[in-house]
Each structure stands twice: as C-alpha cells, then as structure tokens.
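Here's the structure we're looking at; comments come further down.
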C-alpha cells in the first residue's frame with residue numbers, strides 16, 4: 001500500500017481519527033496536507049512527523065475549502081482526498097435549533113460536497129484519484145439525539161455513491177469508511193456509563209483505536225484497492241452498521 005509521490009488532503013487532521021489517517025498516509029510515503037481549524041500546535045506536530053504541511057482552513061466555508069485545494073495545487077497534484085472533518089451538536093430534534101442543524105450540515109456535508117467537487121476537477125485531468133469520505137455508523141443506524149449528525153453522514157454516503165458512478169470511467173474512485181465507536185478525546189469526554197453501554201452493544205466488546213480506521217483508509221487510498229469504488233465500509237467491531 002505504497003503512496004510514494006502521492007499528494008493527499010486530510011481534513012480535521014490535528015487530532016483523533018483525522019490525525020491517525022494523516023500519519024498513516026504520510027508513513028506510506030504521501031505528502032499530506034494536514035488541515036486544522038483551531039489547534040495549530042497539534043497540526044504542526046502531525047505535519048512535522050511526516051512529509052506534511054499544516055493548513056488552517058474552516059472547511060464549513062467555501063474559502064476554507066479553496067485554501068486546501070490551493071495548497072494541493074502548490075504541490076503539483078491531488079491524488080487522495082479524505083473528508084474527515086466533522087462536528088456534533090447533539091440534542092433531541094424537538095429542541096434542536098436551526099443553528100445546530102445548519103452548523104452540522106455545513107461542516108459535515110457541505111464541506112465534503114465542496115471539496116469533492118473541486119478535487120474531481122483536478123483528478124479528472126490526471127484520470128486517477130481516490131476520495132474517501134468518513135461517514136459513521138450513526139448515518140446507517142441512526143442515533144437518538146443525533147438527527148442532524150446522522151442525516152449529514154447518511155447524505156455524505158449517498159453523495160459518495162452517486163459521485164462514484166459519475167467518476168468511475170474517469171479513473172476516480174470514491175468510497176466511504178463508517179466508523180463505529182472510536183477511542184478519541186470526544187469519547188473520553190462522554191459519560192463513562194454511556195461508553196460502557198456502547199461497548200456492551202459491540203460484539204468485540206471494545207472501542208476501535210483510531211489507527212484501525214486509518215489502516216482501512218490507507219488501503220482504499222492505495223492502488224491495492226484499484227477496483228473498489230462506490231462502497232461504504234463499516235469499521236464498527238460488528239455493531240451492525
């Protein structure tokens with residue numbers, strides 16, 4: 001799964017799953033554009049440990065997405081795009097504000113749409129490329145209190161399958177990875193009783209480590225997955241996503 005000479009963008013790459021993906025792609029030889037929004041120090045640490053470039057950009061905006069594409073163009077190509085950036089604004093739908101709905105859709109769905117649209121323009125010229133969109137088991141199963149998040153992730157999955165059908169003849173592959181519960185700082189901040197309840201539902205009886213998601217992304221980014229497109233791979237320990 002060698003990625004030498006490839007240029008990759010990973011959004012939301014200063015921590016958690018995005019950090020693990022950036023490190024994994026970088027260790028495979030790719031030049032990685034490490035996107036972050038707020039934590040410059042963490043992003044610089046990721047970039048400096050691989051052949052990486054930390055780029056601040058709010059991907060919920062058109063300007064932020066264009067800044068990442070410009071960074072890729074400066075490297076001469078864009079071979080891999082990983083749309084990982086995402087936020088939650090959890091709450092029961094009956095009490096959910098328009099802002100909480102729109103903020104999640106703008107960050108999770110609109111950013112993926114804008115970056116996929118821009119990336120395919122570059123990749124079509126090379127007639128090759130791999131796009132991996134990070135979705136979620138919540139987008140498959142739904143989750144109480146996450147109507148906005150689940151909707152955004154389900155929409156990204158459907159968009160990805162449609163894009164794969166459009167781009168297949170141009171040599172561009174589009175896939176999704178749908179993690180289940182992953183041991184990240186987001187989970188660390190949750191009520192321990194909720195985390196233990198989640199583990200009890202998972203046949204493997206543990207949370208995923210971020211590297212376990214990253215290794216699947218690395219495979220899909222590589223030529224080893226040259227005939228894989230239009231798929232959503234659940235990495236959920238058997239939860240059933």
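The values are calculated or read from the model by the stated rules, or taken from the named source; none is laboratory data. Since the model is a prediction, treat every value here as computed from it, not as a measurement. Here the Cβ is made from the backbone with ideal geometry for all residues, glycine too, and neighbour counts use every protein chain on show.
When you look at residue 84, is it surrounded by 22 or more Cβ atoms within 10 Å (Cβ to Cβ) and either touching a strand residue (DSSP E or B) at 6+ places or on another chain (Cβ under 6 Å) or under 16 Å from residue 19 (Cα atoms) (or both), yes or no?
For residue 84, the condition - surrounded by 22 or more Cβ atoms within 10 Å (Cβ to Cβ) and either touching a strand residue (DSSP E or B) at 6+ places or on another chain (Cβ under 6 Å) or under 16 Å from residue 19 (Cα atoms) (or both) - is met.
Taking the stretch 8-18 as the search range and keeping residues that are in contact with a helix residue (DSSP H, G or I) (Cβ under 8 Å, 6 or more places away or on another chain) and crowded, with 24+ Cβ neighbours inside 10 Å, which one is farthest from residue 67 (Cα to Cα)?
17
Quick check on residue 68: is it within 21 Å of residue 221 (Cβ to Cβ), part of a helix (DSSP H, G or I) and touching a strand residue (DSSP E or B) at 6+ places or on another chain (Cβ under 6 Å)?
yes
Per-residue answers, yes or no, for (1) at pLDDT below 95; (2) in contact with a strand residue (DSSP E or B) (Cβ under 8 Å, 6 or more places away or on another chain):
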position: 30; (1), (2): no, yes
position: 35; (1), (2): no, yes
position: 43; (1), (2): no, yes
position: 46; (1), (2): no, yes
position: 50; (1), (2): no, yes
position: 58; (1), (2): no, no
position: 75; (1), (2): no, yes
position: 90; (1), (2): yes, no
position: 93; (1), (2): no, no
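How many residues, within the stretch 126-138, are part of a helix (DSSP H, G or I) and either surrounded by fewer than 17 Cβ atoms within 10 Å (Cβ to Cβ) or at positive phi (or both)?
So the answer is 1.
Every residue in the stretch 22-62 that is in a loop (DSSP other than H, G, I, E, B) and crowded, with 23+ Cβ neighbours inside 10 Å, please.
The answer is 30, 57, 59.
Grab the helices (runs of 4 or more DSSP H) fully contained in the stretch 139-241, keeping just those with 3 or more residues being surrounded by 14 or more Cβ atoms within 10 Å (Cβ to Cβ) and touching a residue at least 40 places away in the same chain (Cβ under 8 Å).
Fully inside the stretch 139-241 and qualifying: 147-167, 210-221.
Within the stretch 183-206, is even one residue farther than 29 Å from residue 144 by Cβ and in contact with a helix residue (DSSP H, G or I) (Cβ under 9 Å, 6 or more places away or on another chain)?
Within the stretch 183-206, none of the residues are farther than 29 Å from residue 144 by Cβ and in contact with a helix residue (DSSP H, G or I) (Cβ under 9 Å, 6 or more places away or on another chain).
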